[in-house]
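J.: Dropping a structure here in structure tokens format, bear with me for questions.
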Amino acid sequence: MELVLLAIGVGLGVGIVVGALGAGGGILAVPVLVFLLGMPPHAATASSLVIVLITALASLPHHARQRNVGWRAGLVFAGVSVVGAVLGSRLSALVPPDVLLTLFGAMLAVVAAAMLRRGLRTRRMEDAEAAALGTVPLADGDAPIASHDDPVLDQPGPDTVETADGLQHHHGEPDLPFSPAAPPSPRWGSVIAAASLTGFLTGFFGVGGGFIVVPMLVIALGLAMRRASGTSLLVMIIATATSLLARLGTDVQVDWATTLIFAAGSAVGGVLGGPLSAKARPSTLTLLFAALLAGVAAVTLVETLLL
């Protein structure tokens with residue numbers, strides 16, 4: 001009974017954080033499952049895949065109704081990621097638990113540094129925009145900021161609007177160097193590399209890979225940020241399902257009761273945490289996410305290497 005209550009409470013907390021900051025479900029789930037719920041590292045990565053899959057399945061219909069899912073682009077990206085997902089899943093089962101957690105902590109540190117850089121750049125853009133308009137930047141909580149589907153990654157400027165064609169426009173001009181009538185040629189080398197890496201990280205670490213998928217869908221396939229966020233859910237569903245299937249026949253076991261209870265708590269927390277993102281500047285959300293990842297990375301590495 002105590003484990004059930006702990007799983008609900010921890011899942012709820014993770015969900016609130018993810019709902020408020022907009023990302024990090026798989027990245028946060030693995031260390032929480034290991035250090036707070038006592039799961040073995042390999043079982044935690046498999047359980048994280050289940051949690052990410054349930055979350056993505058629950059979130060996709062809303063994005064589909066809003067027409068924020070690029071089905072063709074998502075299926076292509078996900079199809080390429082399948083090979084990496086299978087390879088990562090099989091390789092993960094062969095890696096010693098301490099090595100797996102050490103590599104996971106290192107990945108967290110890298111992502112934290114990337115999010116810190118993004119947050120600082122976004123903050124400078126916000127301040128420059130306010131200076132150009134002759135206004136004072138709003139402090140967090142002064143006024144609601146429109147909540148995006150992924151507040152960590154979905155950060156268009158305050159004068160950016162998204163039209164029905166899925167493109168973002170800045171002061172009436174396209175934000176991308178091409179017109180809607182002439183879509184860009186996909187950078188297939190980048191697409192293949194990013195999709196393969198996403199699949200590998202999903203299978204190996206049990207993470208969703210959204211922190212890689214969203215930027216690459218924007219850069220390589222030219223999707224608008226909001227559309228890329230919705231499309232990334234489709235990619236996650238296919239990549240996580242493939243990674244779970246690839247674990248069949250291995251010694252990795254999933255504690256289904258704890259995993260599903262955790263996932264249910266996380267889903268509720270996500271609903272509760274979502275409105276919190278409307279009260280903070282996008283740069284603040286990104287910087288908070290970076291700080292959270294850095295803290296989790298530090299705890300993971302200390303627990304693994306020093307204790």
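The values are calculated or read from the model by the stated rules, or taken from the named source; none is laboratory data. Just so you know, these numbers come straight off a predicted model, no measurement behind them. Cβ placement follows ideal geometry from the backbone for every residue including glycine, while neighbour counts extend to all protein chains displayed.
J.: Please find, among 297, 264, 290, 239, the residue that is at pLDDT 75 or above, over 21 Å from residue 10 (Cα atoms) and among the small types (Gly, Ala, Ser).
T.: 239 is the lone residue from the list that is at pLDDT 75 or above, over 21 Å from residue 10 (Cα atoms) and among the small types (Gly, Ala, Ser).
J.: Could you give every pair whose Cβ atoms fall below 7 Å, whose first residue belongs to segment 109-120 and is over 11 Å from residue 292 (Cα atoms), and whose second residue is of a type in the set (Ser, Thr, Tyr) and surrounded by 15 or more Cβ atoms within 10 Å (Cβ to Cβ), counting only separations of at least 6 or pairs across chains?
T.: Pairs found: 118/286; 119/283; 119/286.
J.: Further question on the same structure: Out of the residues in segment 167-223 that are outside any helix (DSSP H, G or I) and buried (at least 24 other Cβ atoms within 10 Å of the Cβ), which is modelled with the highest pLDDT?
T.: 206
J.: For segment 92-109, name all the residues that are in a helix (DSSP H, G or I) and surrounded by 14 or more Cβ atoms within 10 Å (Cβ to Cβ).
T.: Hits for segment 92-109 are 92, 97, 100, 101, 102, 103, 104, 105, 107, 108, 109.
J.: Continuing with this model, one more query. Quick one: how many residues across segment 110-123 are buried (at least 17 other Cβ atoms within 10 Å of the Cβ) and not hydroxyl-bearing (Ser, Thr, Tyr)?
T.: Residues meeting the conditions: 7.
J.: For residue 22, state whether it is among the small types (Gly, Ala, Ser), in contact with an Asp or Glu (Cβ under 7 Å, 6 or more places away or on another chain) and either modelled with pLDDT under 85 or under 20 Å from residue 115 (Cβ atoms) (or both). Outline the logic, then answer.
T.: On the way: among the small types (Gly, Ala, Ser): yes; in contact with an Asp or Glu (Cβ under 7 Å, 6 or more places away or on another chain): yes; either modelled with pLDDT under 85 or under 20 Å from residue 115 (Cβ atoms) (or both): yes.
Here the answer is yes, as residue 22 does meet what is asked.
J.: List the residue pairs whose Cβ atoms are under 6 Å apart, where the first residue sits in segment 195-224 and is under 14 Å from residue 242 (Cβ atoms), the second is assigned to a loop (DSSP other than H, G, I, E, B), and the two are 6 or more positions apart or on different chains.
T.: Listed pairs, sorted by first residue: 198/209; 201/207; 201/209; 202/209.
J.: Something else about it: Go through (1) in a loop (DSSP other than H, G, I, E, B); (2) surrounded by 15 or more Cβ atoms within 10 Å (Cβ to Cβ); (3) modelled with pLDDT of 85 or more and name the single condition residue 149 misses.
T.: (3)
J.: Right, another one. Among the residues of segment 71-91, is there at least one that is assigned to a loop (DSSP other than H, G, I, E, B), touching a Lys or Arg at 6+ places or on another chain (Cβ under 8 Å) and over 15 Å from residue 34 (Cβ atoms)?
T.: no
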